[in-house]
1. With the dipole of the range 9-59 worked out from charges on the C-beta (+1 for Lys and Arg, -1 for Asp and Glu) around the Cα centre, which of 55, 24, 13 lies farthest toward the positive end?
2. With r as the distance between the Cβ atoms of residue 122 and residue 15 and R0 = 41 Å, compute the FRET efficiency 1/(1 + (r/R0)^6) and round to 0.05.
3. Springs between alpha-carbon atoms under 10 Å, Gaussian network over the chain: tell me which of 47, 22, 101 tops the mean-square fluctuations.
4. Any idea what the alpha-carbon Rg over 2.2 N^0.38 Å comes to for the chain?
5. Tell me, what is the FRET efficiency for residue 62 and residue 5 to the nearest 0.05, using R0 = 35 angstrom and their Cβ-Cβ distance as r?
6. When the C-alpha atoms of the range 37-92 are aligned to their principal axes, what extent does each axis show, in angstrom, from largest down?
7. If the only charges are +1 at each Lys and Arg Cβ and -1 at each Asp and Glu Cβ, what is the size of the charge dipole of the chain around the Cα centre, to the nearest 20 debye?
8. Defining a contact as two alpha carbons under 8 Å apart and six or more residues distant in sequence, what relative contact order in percent does the chain show?
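The values are calculated or read from the model by the stated rules, or taken from the named source; none is laboratory data. Remember, it's a predicted structure, so these values are computed and weren't measured experimentally. FYI the Cβ positions are ideal-geometry reconstructions off the backbone, even for glycines, and counts take in every protein chain you see. Just so you know, the surface numbers come from the protein's heavy atoms only, side chains and all, with ligands and any DNA or RNA stripped out. Shrake-Rupley method; radii C 1.70, N 1.55, O 1.52, S 1.80 Å.
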Amino acid sequence: MKNPNDGFVKGRVRSVKFALKGVWLLISTEDSIKVQTLTAIIVTIMGFYFSISPTEWMIQLLVIGMVLVAEALNTAVEKVADFIHPDYHEKIGFIKDVAAGAPAFAAIISLIIASIIYIPKIILIF
């Protein structure tokens with residue numbers, strides 16, 4: 001919550017603290033984020049191993065960010081929906097399913113991009 005006594009810099013520092021707390025909560029409590037974070041670490045290691053180009057690094061990092069952001073937003077939507085209506089409700093179920101579609105789209109695109117980057121490099125090994 002915004003404190004009216006905070007100046008600009010102090011307000012930004014507080015915002016960063018809240019954001020880092022959110023990242024920690026996601027990584028420490030949500031299995032989907034844990035899986036995606038582990039996957040991001042693995043493909044980052046692969047990027048170093050295969051010496052991907054700067055352009056490939058930019059694309060890979062953008063895709064990693066896209067997947068993690070989609071997972072985080074999906075988690076937020078699910079938590080809000082569960083808070084508003086803890087019991088099963090058809091409309092809440094629909095909302096949660098649609099929200100789950102966002103990280104699914106992101107994951108599919110990330111697999112396509114990873115294939116474009118890494119399959120040619122793996123083929124060269126064999």
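1. Checking the options against the dipole of the range 9-59, the answer is 13.
2. Numbers: r = 42 Å, r/R0 = 1.02.
The value I calculate is 0.45.
3. Result: 22 has the largest fluctuation of those listed.
4. On the way: Rg = 18.5 Å, N = 126, 2.2 N^0.38 = 13.8 Å.
Working it through for the chain, the quotient is 1.34.
5. Numbers: r = 38 Å, r/R0 = 1.09.
Computed FRET efficiency for residue 62 and residue 5 comes out at 0.40.
6. Cα spread of the range 37-92 along its principal axes, largest to smallest: 50, 18, 15 Å.
7. Values: 11 positive and 10 negative charges, 126 e Å.
That gives the chain a dipole magnitude of about 600 debye.
8. On the way: 51 pairs, mean separation 30.3, N = 126.
Value for the chain: 24 percent.
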